Structure formats: structure tokens, C-alpha cells
Amino acid sequence: MSPTAAELPVYISLGSNTPDAAQMLDAASAALERLEGLRLVRSASRYTTEPQGYAHQPWFENTVLELAVEAGRWQPRELLAAMLGMEAALGRRRDPDLRFGPRSIDMDLLLFGTETSTDVHCLLPHPRMCERAFVLVPLAELAPDIIVNGRSIAHWLDSLVWRREGRVIFQ
């Protein structure tokens, strides 16, 4: 069921490149579903994706979730803080020297309704989402007509050098 008039659509990307990546995505999704005032609407397909930034690591499994958040129940920065706590609980350790390195789980807040934010702790829309086919392809499954930074998902994908072979994304 789509978000109601009393709910905001929220999109979150999930990624993991551990040997148990599928279970990590399941655990992250379940953790989000346990939050009060938020419900999982649907999940995009899962994709095996080429690492970005630091190539010498295992490939990732990625997806995007569409959530419905009760209007006024959550603010973006609060939801992001909850997501960071979930990442830590699922074993995520942040290494400032290896920003795009391996990770047990990565949860990114992509869009929170139509809100924009320049808060350095919670930028919306997510500042790198339009550069990443592994985010845009599953997002297009859920919301093909959504506009991000004034342009369609198809436009952003057309501006990237990437290719897809089944459920594998190369970029």
C-alpha cells in the first residue's frame, strides 16, 4: 500500500559487501520496520554492484526501500541518527582512512518526502545518489517518475557511464 496523505514517502538505500550480504540487508530492513511511525511499503530488487571509489574489495549487494513515515513523527536528522545506530548494531565500523571501503551494512537516507536540507549532518537529497547507478536503478523500480534535483531518474542514469547485465550493475 502506498503512503497515505498522512504519511511521507521516504527512500533508503541499503548495501553490504560481506559474505552474508543478503542477511545484512534483511536485518537492516527488519530494524527499520521496528521503528514506530514508519512502515515498509516495498523493496526494490537486489543488485550485485561493482565497488565505487575503492575497487579492491568484494562486490556489493544493494537495494532501495520505500518507507512511509507518519507526518510529523520523524524528522530527517532523527531518522538518520536512528539509521546510524542500526548500522553500528549490525557491525558497521567507520574507518575515516577508507571512506568507500568494505562495510557490513550501509544505510543511506536518499529522500525524505520532498524535503531538502543543507545541514552538513543530513543532506537531502543524498548528495551522491545521482552519481550512483546502484542507487538510481533500484530507485527507478519504486519511483520511476520521481524528480531529484530538478531532473528525472532516467536523466541521471543517462548522464552516467554504466551498464546492467541482469541483476549486476557495472559502473
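Expressed as a rounded percentage, what relative contact order does the chain have, with Cα pairs under 8 Å and six or more residues apart?
28
Roughly speaking, what % of Cα-Cα pairs in the chain are separated by over 28 Å, rounded to a whole number?
17
Find how much the distance from S159 to R34 grows on full extension, using 0.36 nm per residue of separation minus their present alpha carbon separation; answer in nm with one decimal.
Gain in length upon complete extension: 41.3 nm.
Using the number of other C-beta atoms within 10 angstrom as an exposure proxy, rank R92, R34, R132 with the fewest first.
By the 10 Å Cβ count, ascending, the order reads R34, R92, R132.
If neighbour count is taken as other Cβ atoms inside 10 Å, put S159, S13, S117 in order from fewest to most.
If I rank by nearby Cβ atoms, fewest first, I get S159, S117, S13.
Where a number appears in this text, it was derived from the coordinates with a stated rule and is not lab data. Treat the numbers as computed from the prediction; the structure is a model and nothing was measured. Don't worry about glycine lacking a Cβ; one is built from the backbone with ideal geometry, like all the others, and counts go over all protein chains shown.
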